[in-house]
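First, the structure itself, so that you have it in front of you.
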Amino acid sequence: MEVYRSFIFRLLRNYLIGSLAAVFVVGTMVMVSTLQIPNIQFVRLIFIVLISLLFMLVAELITLWAQLGPIRQFFASEHHEKDELNRMYESVHRFPGQTIYRIMGPHMLGFSIPAAGLTIWMISTGWLDFPYGYVVVAAACAILIAVMHALIEYYLTVRAVRPLLLEIRHRGKVQYGMEPSLGGRILVSIQRKFQLSTALIGLFPLFLFFLATYIRLQYMDSEFAKEYILWGVFIVILGAGFALVGSWLLIRDVRDPVAELTHEMNRIQGGDLGRRAPDLYADEFSALISGFNMMINRLEMRQERNRQLLQSYFSTLAAALDARDKYTAGHSMRVAEYSLMIGKLSGMDEEQADLLYKSALLHDIGKIGIPDEVLLKDGKLSDEEFAIIRTHPVQGESILLQIEPIDAMADFLPGVRSHHERYDGKGYPDGMAGDEIPLFGRIIAVADAFDAMTSDRPYRNGMSHERALTILEEGKGTQWDPYFAGLFIDEWRRQQHIQKPSK
């Protein structure tokens, strides 16, 4: 509750600052310096102001108490549901906007209605000696002052709620390991804030001067005051147009670089680090964009480093597996290269081809769990031993499922599990057929078979490349996917033909 109490203190302090600036300094001083009435009538006006302030404070305190209710209840408790944290985080962000409604509603009406009523009554009884039209002018001044008060109060409240937001984020992190966030949602656009703020700042003194001058002229020359109205309205309209155009130009000058940075961040979120934000500015945005581009450079360097580390990780795993058997050394790397060749021939994009390459590097990772006396046996395997060997695709999948985060290896699981499936459905471990077999599994099966046939084993020598290609060709549509087997065979023979010396 300490954070909440501190917030209430700031809120009251800010309210006093805004009230003094907008109501007493501007309103009362303008009234005193403009009206030319006897002192006794000034006393009566002060009485009206004090009574109206009392009504205003009561109406505003009731509204403020209602607006603070959810925040007060939230901070009175220590533990909260996750959804409650998120809702309160958004509610606190919206609280400065509620300040505007409070100032323009209970604050202004709570003051204006009693003040107007008491003033009209005193004019009718003769206690105040000025035209009823001044009440309309006073009402216009009240609206103008309330608008400026709301503007001041809004920006002061924006700063006042920040400790509350930090506390909510802290509670979310402590209780659930997450910090509430708006997730990029915009509750109040910077364009609206800038346009309204700059326009009001430009219009406020102009309107105030117009109204105060009109009242002074009434005492000096009432006929000239009537002529002044038309001239003054023209000047106010001209000034309003200038203020609106100026605010539009200012917001455009701020909006464009913000929009550009937002676009660049969305691009980076999509994984595109290839471009940099153009630095077209000579103000503080130049430093911001420069820092943004430096961040992209570091992200790109880190991404490349992570890619190299990940590639090294996969290669190390494959090399560690191959190191168990000197006769299969390099097998995983060769199968990965052959698979990559088939993938590119089939038109895979770079991302898919990279996933295929890594899947092929890990395709035999399950053999880590196969006993040495089976995996490294020199002679032909018995049926029982072959059954043990056939478990390695499932064991490989199980090993990869242990890696955290749980989805890190998701793209590699299908290829690892299914690389011994046959196109005719007679493979293992699941007996899938045709296009039921995952894409990576069908490609790796071709590459794995070719390397196995052409590599030496303790119990046999590797066959020639041409003989292995012939076997692949004979097995198209039965053991291997005919499309991918055909791609590999045609490309291998094409390369062999190119490498033959011309006669």
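The values are calculated or read from the model by the stated rules, or taken from the named source; none is laboratory data. None of the values given here were measured: they were computed from a predicted structure. Neighbour counts run over all protein chains shown; Cβ positions are idealised from the backbone, glycine included. Only protein heavy atoms, including side chains, enter the accessible area calculation; ligands, DNA and RNA are left aside. Shrake-Rupley method; radii C 1.70, N 1.55, O 1.52, S 1.80 Å.
Relative contact order (percent) for region 272-352, with alpha-carbon contacts under 8 angstrom and 6 or more residues of separation? Write down the numbers at each step before the final one.
Numbers: 25 pairs, mean separation 13.1, N = 81.
The value is 16 percent.
If every alpha-carbon in the chain counts as one equal scatterer, what log10 I(q)/I(0) does Debye give at q = 0.13 1/Å?
-1.21
Specify, per residue and in Å³, the volume enclosed by the convex hull of the alpha carbon atoms belonging to region 30-110. Don't skip to the answer; put the middle values down first.
On the way: hull volume 8.4 nm³, N = 81.
Per-residue hull volume (Cα only) is 104 Å³.
Which residues in region 265-293 place their backbone N less than 18 Å from a point set 7 Å from the Cα of Leu250 along the Cα-to-Cβ direction?
283-285
Relative contact order for the chain using alpha-carbon pairs under 8 Å, separation at least 6, rounded to a whole percent? It would help to have the intermediate numbers written out before the result.
Details: 508 pairs, mean separation 49.2, N = 503.
It comes to 10 percent, rounded to a whole number.
In 5 Å bins starting at 0, how do the alpha-carbon pair distances of region 178-236 split up by percent?
4, 15, 16, 13, 10, 9, 8, 6, 5, 5, 4, 3, 2, 1
Now a separate question. Roughly what would the spin-label model give for Leu166 and Leu238, points 7 Å off Cα along C-beta, in nm?
That separation, rounded to one decimal, is 4.9 nm.
To the nearest Å, what is the center-to-center distance of region 223-284 and region 113-147, using C-alpha atoms only?
Value for the Cα centre distance between the two parts: 38 Å.
Could you please state how large a percent of the accessible area of the chain is carbon and sulfur, counting protein chains only and using a 1.4 Å probe?
Details: 17550 of 28120 Å².
About 62 percent, which is the carbon plus sulfur part of the accessible surface.
Quick one: divide the alpha-carbon radius of gyration of region 372-503 by 2.2 N^0.38 Å and tell me what you get.
Values: Rg = 16.8 Å, N = 132, 2.2 N^0.38 = 14.1 Å.
Dividing the Cα Rg of region 372-503 by 2.2 N^0.38 Å gives 1.20.
At most 13 other C-beta atoms within 10 Å and a DSSP loop state: those are the exposed GluC sites (Glu not before Pro) I care about. Give me the longest piece of the chain that has none. Present the calculation step by step, with values, prior to reporting the outcome.
Values: sites that count: Glu78, Glu81.
By the stated rule (loop sites, at most 13 other Cβ atoms within 10 Å), 82-503.
Here's something else I'd like to know. Can you work out D for region 131-290 in µm² s⁻¹ from Stokes-Einstein, where Rh is the Kirkwood radius over C-alpha pairs, the temperature is 25 °C and the viscosity is 0.890 mPa s?
Working: Rh = 20.2 Å.
Approximately 122 µm²/s, per Stokes-Einstein.
R0 = 41 Å: FRET efficiency of Ala433 with Glu350, Cβ-based, nearest 0.05? Present the calculation step by step, with values, prior to reporting the outcome.
On the way: r = 30 Å, r/R0 = 0.74.
Efficiency, from the Cβ-Cβ distance: 0.85.
What's the center-to-center distance, using Cα atoms, between region 71-89 and region 309-381 in Å?
When both Cα centres are located, 52 Å separates them.
Okay, moving on. Starting from the Cα gyration tensor of region 148-217, take the square roots of the eigenvalues, sort them a ≥ b ≥ c, and report rounded, prolate or oblate (rounded when a/c is under 1.5, otherwise prolate if a/b is larger than b/c, else oblate). Don't jump to the answer; show the numbers that get you there.
Working: a/c = 7.91, a/b = 3.05, b/c = 2.59.
Prolate shape, in that a/c is at least 1.5 and a/b is the bigger ratio.
With the radius of gyration and the Kirkwood radius both derived from the Cα set of region 245-394, what is their ratio Rg to Rh?
Numbers: Rg = 25.7 Å, Rh = 19.9 Å.
Taking Rh as the inverse mean 1/r over Cα pairs, Rg/Rh reads 1.29.
Between Leu196 and Tyr483, take the C-beta separation as r, use R0 = 56 Å, and let me know the FRET efficiency to the nearest 0.05.
Values: r = 64 Å, r/R0 = 1.14.
Step by step, r from the Cβ atoms, then E = 0.30.
Work out the charge dipole of the chain with +1 on the Cβ of Lys and Arg and -1 on the Cβ of Asp and Glu about the Cα centre, then indicate which of Ile444, Pro405, Val161 is farthest towards its positive end.
The residue sitting most towards the positive pole is Val161.
While we're looking at this one, here's another question. Excluding ligands, DNA and RNA, what is the solvent-accessible area per residue of the chain at a probe of 1.4 Å, expressed in Å²?
On the way: 28120 Å² over 503 residues.
I get 56 Å² per residue for this part.
Could you work out the equivalent-ellipsoid semi-axes for region 353-415, taking the square root of 5 times each eigenvalue of the Cα gyration tensor, largest first, in whole Å? Mind showing how you got there, number by number?
Numbers: eigenvalues 135, 29, 15 Å².
Working from the Cα gyration tensor, I get semi-axes of 26, 12, 9 Å.
When averaged across all projection directions, what area in nm² does the alpha-carbon convex hull of region 51-201 cover? List each step's numbers first, then the result.
Values: hull surface 42.8 nm².
Average projection, Cα convex hull of region 51-201: 10.7 nm².
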